[in-house]
Amino acid sequence: SSSPVSVSISISSKLSISTNIKMPDSNVLIYLLRRDLRVSDNPILHSLATSKNHGFTHVLPLYVFSAQQLEVKGFIPDSNTMSPYREARSKVGGFWRTGPHRVSFLAECIWDLKEGLEKVGSGLCVRVGMVGDVVDDMLKKIDAKGEMKVGGVWMVEEEGVEEKQEENQVKKACRDADVEFKIWTDEKYLIDE
């Protein structure tokens, strides 16, 4: 398991969490977004907006450019530095997992999500690496600062072998940090129907 690439992309300065002030009574929810990249029909955002007793004081929306899906070498500032991740190619055929059209579409979706979150007074934290490693790193760093408490990590369930591996890695990071982990069913994709 590699460490997450130490690259932070600042998409917005309007995060609903400020790390500059001491917030001992905070209870932060990290909402890990993957393919649920719209504000308008998002099951977790809808639940948080309509439920008054969820217990969280702040929400940190997080998107991770996954190193197993997208070649992340371009995110490393020093072009001579080796990527800590293997190339994002399929295991069987060796094809690039994400081509230029998909990258462009993904970038547009992330930008639209950022703008949608800003319209409701939030922002978007974007990181690069393996999803489980990034969440584990964030939980450890937030805990070490002691300025706020992460009470939970939520994400929408996805079907697929690699997606389930990501969910298990995030679940393990949460268990190790004694943080609630919750998987939500995506209402747009009902596998039994």
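Please label the shape of segment 26-125 as rounded, prolate or oblate, based on the square roots a ≥ b ≥ c of the eigenvalues of the alpha-carbon gyration tensor (a/c under 1.5 means rounded; beyond that, a/b larger than b/c means prolate, else oblate). Prolate, because a/c is 1.5 or more and a/b exceeds b/c. The alpha carbon centroids of segment 139-173 and segment 76-133 are separated by 17 Å.
Using a/c under 1.5 as the rounded threshold, could you call segment 68-193 rounded, prolate or oblate? The axes a ≥ b ≥ c are square roots of the C-alpha gyration tensor eigenvalues, and prolate needs a/b larger than b/c, oblate otherwise. Rounded, since a/c falls under 1.5.
Taking all protein chains together, Arg34, Arg175 sort by accessible area into Arg175, Arg34, largest first [probe 1.4 Å]. Residues in segment 25-131 average 54 Å² of solvent-accessible surface per residue, probe 1.4 Å, ligands and nucleic acids excluded. With a 1.4 Å probe rolled over the protein heavy atoms of all chains, the accessible area of Asp137, Asp78 falls in the order Asp78, Asp137, largest first.
Which of rounded, prolate or oblate describes segment 87-156 when judged by the alpha-carbon gyration tensor and an a/c cut-off of 1.5? Note, shape of segment 87-156 comes out oblate.
A protection proxy built from the mean count of other Cβ atoms within 10 Å ranks the segments 62-74, 144-156, 95-107, most packed first, as 62-74, 144-156, 95-107. Per atom type, segment 90-193 shows carbon and sulfur on 53% of its accessible surface, probed at 1.4 Å. The smallest convex shape that holds all Cα atoms of segment 118-173, its convex hull, gives 114 Å³ per residue.
The values are calculated or read from the model by the stated rules, or taken from the named source; none is laboratory data. For clarity, every value in this text was computed on a predicted model and none was experimentally measured. For neighbour counting, all protein chains shown are included, and Cβ atoms are generated from backbone atoms with ideal geometry for every residue, glycine included. Just so you know, the surface numbers come from the protein's heavy atoms only, side chains and all, with ligands and any DNA or RNA stripped out. Shrake-Rupley method; radii C 1.70, N 1.55, O 1.52, S 1.80 Å.
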